[in-house]
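Colleague: Shown below is the structure under consideration.
Throughout, read-outs are computed from the coordinates displayed, never taken from laboratory work. The shown structure was predicted, so the numbers you read here are calculated from the model rather than taken from an experiment. Every residue, glycine as well, gets a Cβ built from its backbone with ideal geometry; the counts of neighbours run over all protein chains shown.
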Amino acid sequence: MTGGADDPALQAVAAQALALVTDGARLGLGSGHAAAIFIARLGERVRAGLRVEAVPTSEASARQARDGGIPLIELEDEVELDLTVDGADEVAPNLDLVKGWGGAMLRERIVASASRRQVILVGHEKLVGRLGERGRIPVEIIPMARAPVMRRLAGLGLRATVRADPGGRPLLTENGNLTLDGRPDAPLSDGRAARELEAALRRIAGVVDTGLFLDTAERVLVGWPDGRVDVLRQGAAG
């Protein structure tokens, strides 16, 4: 099973990402399994004397960082982050991403936008030929807009369902919004199609953010079960 704390692929990419962190850096801390492993390793380095400050993208990441002794800061006017380390749910060959299966995509986008660099950590199973291959593209929406947004998504070829909690109730994000999981009729044909879809989604009243993260990743570290790491860089991927 992949994705756990003992996953050798994620351990390998977390270790390589940690090598990018310099003393005194200001960091964005992503959410999800890969980010959690990175935060755990970062905490070990902080307790050994590494000086950093960090902005978390979720309450779970914030709790883990505090427990690990990592100092947290707010995104004030003067704050620019040196590096954000996060995960992704799909990575296309041009490094376009689908994020948001874990529900923190809006805060992840805000933190990434405040960073000089975004580095993505994934296991090899997250690599896709085309976005949408793994089945869903999240869209965060204002709750009162659920019905009209779902109709508009259907017109764009996305069969949307409201993400639910274990009890079957609509699951609210940490921002008090709903997440719609839009399943495309077919994977997006190319990067241009992804950009057209993102633009169309953002024109819908009530849409707060989408899981399409296009042109945000400076590099993607891809882990394999044997501990090997492939480094995919923006502008160098096929």
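Colleague: Pick out, in residue order, every one of the trypsin sites (Lys or Arg not before Pro) in the range 23-54 that is DSSP loop and has at most 12 other C-beta atoms within 10 Å; say none if there are none. Don't skip to the answer; put the middle values down first.
Modeller: On the way: sites: R26, R41, R45, R47, R51; in loops: R51.
Those satisfying the criteria are R51.
Colleague: Right, something else. What is the spread of the Cα atoms of the range 137-211 along each of their three principal axes, largest first, in whole Å?
Modeller: Principal axes ranked by extent give 36, 22, 21 Å for the Cα atoms.
Colleague: Going 7 Å from the Cα of A15 in the Cα-to-Cβ direction, what parts of the range 110-129 have a backbone nitrogen less than 12 Å from that spot?
Modeller: none
Colleague: Once the Cα atoms of helix 191-202 and of the chain are each reduced to a long axis, what angle between those two axes, in degrees from 0 to 90 to the nearest 10, is obtained?
Modeller: 70
Colleague: Continuing with the same structure: Can you tell me the 0 to 90 degree angle between the C-alpha axis of helix 8-18 and the longest principal axis of the chain, rounded to 10?
Modeller: Roughly 70 degrees between the two axes.
Colleague: For the chain, modelled as a Gaussian network with Cα springs under 10 Å, which listed residue fluctuates most, L95, L188, L20?
Modeller: Of L95, L188, L20, the Gaussian network model singles out L20 as fluctuating most.
Colleague: Need one number: nm distance between label points at R203 and E78, each 7 Å from Cα along Cα→Cβ, rounded to one decimal.
Modeller: My value for the distance between the label points is 4.3 nm.
Colleague: Here is a further query. Taking just the C-alpha trace of the range 1-86, give me its Rg and Dmax in Å.
Modeller: Spelled out, the Cα radius of gyration and Dmax of the range 1-86 are 12.1, 42 Å.
Colleague: Using Cα pairs under 8 angstrom and six or more residues apart, how large is the relative contact order of the range 137-211, in percent?
Modeller: Values: 110 pairs, mean separation 34.5, N = 75.
Contact order relative to length: 46 percent.
Colleague: Right, another one. Does anyone have the angle between helix 33-47 and the longest principal axis of the chain? Alpha-carbon axes, 0 to 90°, nearest 10?
Modeller: Once rounded, the angle reads 20 degrees.
Colleague: Go ahead and set up a Gaussian network model of the chain, Cα springs under 10 Å, then flag whichever of G167, G69, G132 fluctuates most.
Modeller: Per the Cα network of the chain with a 10 Å cutoff, G167 tops the list.
Colleague: Which of the listed residues, I70, A25, L97, is farthest toward the dipole's positive end in the chain, when Lys, Arg count +1 and Asp, Glu count -1 at the beta-carbon?
Modeller: L97
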